[in-house]
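Here is the structure we will look at.
The values are calculated or read from the model by the stated rules, or taken from the named source; none is laboratory data. For clarity, every value in this text was computed on a predicted model and none was experimentally measured. Glycine gets a Cβ as well: all are built from the backbone with ideal geometry, and neighbour counts include every protein chain shown. Each accessible area value is taken on the protein alone, full model and side chains, heavy atoms only, with ligands, DNA and RNA left out. Shrake-Rupley method; radii C 1.70, N 1.55, O 1.52, S 1.80 Å.
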Amino acid sequence: MKIVHTSDWQIGRTFSFVDDEALGALQAERLNVIQRIGTLARQEGAQHVLVAGDVYEHETPSERTLRQPMERMRQFGDIQWHLIPGNHDAHTPQGVWHRLQRDHAVPDNVSLHLQSGPVLLDSGHNAWLLPAVLQRRHTVSDLTAYMDQAPTPEGALRIGVAHGSVVGFGQGDEAQHNPIAIDRAAKAGLAYLAMGDWHGFCQINARTVYSGTPEVDRFSTGGAGGGECVVVTFDGPNAPPVLNQHRTGRFVWRKLENVVLTSRADIDALENRVRAIAPDQPDTILAWLEVAGMLGVEELALYENQIERRLRSAVTCLRLSGAPQLAAGPDDLDMLGVGGPVREAASALLEQVQAGGPEAAVAQEALQRLFLLWGEVRRATA
């Protein structure tokens with residue numbers, strides 16, 4: 001028997017640091033990945049897909065957002081999709097799951113597991129699903145504890161699915177919410193415990209696994225980084241499951257820290273480094289650059305044109321923290337001519353920069369913009 005394990009789709013997620021065009025592309029891909037998961041299940045001969053919580057980002061999505069993932073799964077009528085609530089879409093009164101049932105929006109090949117207890121997976125009574133169901137965003141009790149005593153036929157394959165934090169694994173406040181015993185699979189006789197909540201693939205032990213989100217959604221993700229799902233093969237209720245990770249994500253997220261620019265060669269190297277993330281598909285790149293350094297007037301203009309304009313237009317998202325500063329001295333003022341209001345303004349700003357004090361940083365930025373604007377005007381009239 002084979003299943004596909006996925007989680008944390010978070011349909012409808014927003015990203016505040018991207019423009020509207022990039023946001024639309026990211027949100028669309030979180031839906032498109034469902035088709036890739038269904039196609040993978042068919043190719044692998046898996047009749048069941050387990051979605052371990054957080055199908056939706058919010059408890060009150062729009063009508064269209066609510067129905068879109070259902071329609072994607074409807075296209076794969078030969079595959080049964082099993083969904084449980086997560087902390088983002090807990091089974092609350094009048095929440096997403098109630099709305100889906102009320103409006104008859106759930107296809108026949110989609111099973112919503114909204115209460116705990118064994119669920120038959122196959123007609124031969126050989127495989128049973130044991131879901132843990134969140135009915136609020138956070139709980140301090142282990143919702144998988146019931147699995148220890150949950151009755152299934154002797155020799156049956158027992159598969160758990162849950163959304164939460166394995167005790168002793170996570171860190172920070174989130175690790176205190178929705179706790180799950182690290183040895184739950186062993187205690188409950190589970191062949192496999194399909195976990196959701198952690199956004200990167202992580203194997204806790206031979207039978208307890210976080211699949212990670214199928215489409216990466218952050219620059220820093222735990223585990224293997226996300227963008228994949230897991231095909232799980234069972235040779236019997238006691239044999240260890242065989243795991244195969246499959247990449248499903250389209251977008252590639254990278255954060256480049258401590259990028260120091262001091263020359264034209266550094267600028268070229270930075271652009272090449274970002275493009276090398278996905279050389280054949282730069283439009284799949286989201287890059288976050290932490291930039292610092294000092295550049296001359298010509299190099300600073302090159303940085304603005306090559307990085308802030310050209311590279312930004314090539315990738316889906318270019319997020320910049322910091323910026324190179326202008327390294328200008330008295331000799332650079334000659335580029336502005338021997339006199340005139342522009343030269344006088346630049347001289348006054350340079351004096352403020354060199355004098356230091358609380359206004360030096362503002363003067364530095366103003367001088368930098370002055371040189372860049374002057375360069376643009378010069379190129380436009382050349």
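Structure above, values below:
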{"read-out": "Over the chain, relative contact order from alpha-carbon pairs under 8 Å, at least 6 apart, %", "value": "12 percent"}
{"read-out": "Percentage relative contact order, the range 243-323, counting C-alpha pairs under 8 Å, at least six apart", "value": "37 percent"}
{"read-out": "Solvent exposure, largest accessible area first (probe 1.4 Å, DNA, RNA and ligands not counted), of ARG218, ARG207", "value": "ARG218, ARG207"}
{"read-out": "The range 1-92: relative contact order in percent, alpha carbon pairs under 8 Å with at least 6 residues between", "value": "40 percent"}
{"read-out": "Net charge, ILE204 excluded, C-beta distance under 11 Å - Lys, Arg +1, Asp, Glu -1", "value": "+1"}
{"read-out": "Charge dipole magnitude, Cβ of K and R +1, D and E -1 - the chain, Cα centre, debye nearest 20", "value": "1060 debye"}
{"read-out": "Carbon/sulfur fraction of accessible area - the range 209-307, other protein chains in place, 1.4 Å, %", "value": "44 percent"}
{"read-out": "Total formal charge among the other residues, if their Cβ is under 14 angstrom from that of ALA188, Lys/Arg +1 and Asp/Glu -1", "value": "+1"}
{"read-out": "In sequence order, calculated HN-Hα J values of the range 103-117 (Karplus, 6.51, -1.76, 1.60; Hz; x Gly/Pro)", "value": "8, 6, 9, 9, x, 5, 8, 10, 10, 8, 9, 10, 8, 6, x"}
{"read-out": "For the range 108-238, alpha-carbon Rg over 2.2 N^0.38 Å", "value": "1.05"}
{"read-out": "Listed peptides 82-94, 271-283, 121-133 by packing density, highest first (mean Cβ within 10 Å)", "value": "82-94, 121-133, 271-283"}
{"read-out": "Calculated diffusion of the range 266-316, Stokes-Einstein form, Kirkwood radius summed over Cα pairs, 10 °C and 1.306 mPa s, µm²/s", "value": "139 µm²/s"}
{"read-out": "Backbone HN-Hα couplings from phi across the range 279-290 [Karplus 6.51/-1.76/1.60, Hz, Gly and Pro as x]", "value": "x, 8, 9, x, 6, 9, 8, 10, 10, 10, 10, 9"}
{"read-out": "Rounded to the nearest 10 Å², the accessible area of VAL140 at probe 1.4 Å", "value": "130 Å²"}
{"read-out": "Ellipticity estimate at 222 nm from DSSP helix runs (n ≥ 4, -39,500 (n - 2.57)) divided over the chain, nearest 500", "value": "-8500 deg cm²/dmol"}
{"read-out": "Local electrostatic count, VAL33, Cβ distance below 12 Å [Lys/Arg +1, Asp/Glu -1]", "value": "0"}
{"read-out": "Nearest-20 debye value, the range 174-308 charge dipole, Cβ charges on Lys, Arg, Asp, Glu", "value": "760 debye"}
{"read-out": "Whether the range 1-149 is rounded, prolate or oblate, judged on the alpha carbon gyration tensor where a/c under 1.5 counts as rounded", "value": "oblate"}
{"read-out": "GLU359, GLU154, reordered so the largest accessible area comes first (probe 1.4 Å)", "value": "GLU154, GLU359"}
{"read-out": "Positive-pole candidate from ALA276, VAL297, GLY236, dipole of the range 234-336, charges at beta carbon", "value": "GLY236"}
{"read-out": "Computed accessible area, LYS255, all protein chains, 1.4 angstrom probe, square angstrom", "value": "70 Å²"}
{"read-out": "For GLN47, distant residues with modelled amide H under 5 Å away", "value": "LYS2"}
{"read-out": "The range 224-297 and the range 1-66: distance between their alpha carbon centers, rounded to Å", "value": "20 Å"}
{"read-out": "Zero-based 10 Å bins, Cα pair distances in the range 254-295, whole percents", "value": "30, 51, 19, 0"}
{"read-out": "Accessible solvent surface per residue of the chain, calculated while the other protein chains remain in place, 1.4 angstrom probe, Å²", "value": "45 Å²"}
{"read-out": "Stokes-Einstein D for the range 42-85, Kirkwood Rh over Cα pairs, 37 °C, 0.692 mPa s (µm²/s)", "value": "282 µm²/s"}
{"read-out": "Solvent-accessible surface ranking, highest first, for THR233, THR248 at 1.4 angstrom", "value": "THR233, THR248"}
{"read-out": "Histogram of C-alpha separations across the range 69-129, 10 Å bin width, %", "value": "19, 48, 30, 3"}
{"read-out": "With DNA, RNA and ligands ignored, accessible area of GLU257 (1.4 Å probe; Å², nearest 10)", "value": "110 Å²"}
